[in-house]
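Encoded as structure tokens, the structure appears first; notes follow it.
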Amino acid sequence: MSGNPLNRRRAIMAGAAGLAGLAAAPLVANIASAETTGPSPNATKVYLDPGHGGHDSGAAANGLLEKNLNLDIALRTRDLLVGAGHTVRMSRDSDVFQELAWRASDANSWGASLFVSIHINAGGGTGFESYRYTSVSQPTVDFHNRLHAGILAGMNSHTPVTNRGMKTANFAVLRLTAMPAVLTENLFIDRAEDAALLADSGFIQATAQGHANRIEAMLASM
């Protein structure tokens, strides 16, 4: 496909129109997911989905690849959550590709309490935005509110960024998941100022801390 990289990636995220439900999810012989458990025997289950991977690099600009940034944020978020006693499963913990429907199916079959898909934006804008599915229950709305505010606070603790708001979309990983699910878009890889922050380890850690803090807040209320 050609055209705006953001539109191209969102078309991929929305999934094929023929996806009727989880029954259509492909089976993967060698599951490239990782499950890590913290010290608590009653740890709550969180599913982290670093977007793209393998042959699908996602957006690319300013010497950065989205798939690598997504994984970096997700791994840091995982470590923070595991350190706090939660159980975390990831759709990938290395540079591999998983189909969108499989990611949702894996989270559903594992029985995750929360699902977060982590991405970097493209298309010439700037700042942070997040998404939930177009029709959701109140727990998902609550989770979206908390997670969006927490990530923005984490980013702003390092460097002030633009708040692009909370939005809804028909993304496959949000449509097919059975638990509260949110997709985060953490700055714009094709804007030089945003890319400079995405290349800064301190900013990436602050972003991961924002994810982890509000995931924990939601878990405490469940």
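Couple of notes before you dig in:
- Summed over the stretch 65-86, residues that are under 12 Å from HIS119 (Cβ atoms) and of a type in the set (Asp, Glu) total 1.
- Among the residues of this structure, ASN186 counts as one that is at pLDDT 95 or above and either in a helix (DSSP H, G or I) or more than 21 Å from VAL136 (Cα to Cα) (or both).
- The requirement of being open to solvent by 30 Å² or more (accessible area, probe 1.4 Å), without any contact (Cβ under 8 Å) to a residue 60 or more places away in the chain and out of contact with any Lys or Arg (no Cβ under 6 Å at 6 or more places or on another chain) is fulfilled somewhere in the stretch 99-119, by at least one residue.
- All of (1) of a type outside the set (D, E, K, R); (2) modelled with pLDDT of 95 or more; (3) farther than 27 Å from THR36 by Cα; (4) surrounded by fewer than 16 Cβ atoms within 10 Å (Cβ to Cβ) hold for GLY124 with one exception: (2).
Listed here are the residues, each with its yes/no results for (1) buried (at least 22 other Cβ atoms within 10 Å of the Cβ); (2) in contact with a strand residue (DSSP E or B) (Cβ under 6 Å, 6 or more places away or on another chain).
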| site | (1), (2) |
| --- | --- |
| SER157 | no, no |
| ALA169 | no, yes |
| PRO180 | yes, yes |
| THR184 | yes, yes |
| SER201 | no, no |
| ALA212 | yes, no |
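- Leading residue by the ranking (nearest to the chain's Cα centre (by Cα)) among those in the stretch 53-62 that are part of a loop (DSSP other than H, G, I, E, B) and surrounded by fewer than 19 Cβ atoms within 10 Å (Cβ to Cβ): SER57
- When restricted to residues that are of a type outside the set (Val, Ile, Thr), assigned to a helix (DSSP H, G or I) and in contact with a helix residue (DSSP H, G or I) (Cβ under 6 Å, 6 or more places away or on another chain), the stretch 163-183 contains 1.
The values are calculated or read from the model by the stated rules, or taken from the named source; none is laboratory data. Small disclaimer: the values here were computed from a predicted structure and weren't measured. FYI the Cβ positions are ideal-geometry reconstructions off the backbone, even for glycines, and counts take in every protein chain you see. These area figures cover heavy atoms from the full protein model, side chains too; ligands, DNA and RNA do not enter into them. Shrake-Rupley method; radii C 1.70, N 1.55, O 1.52, S 1.80 Å.
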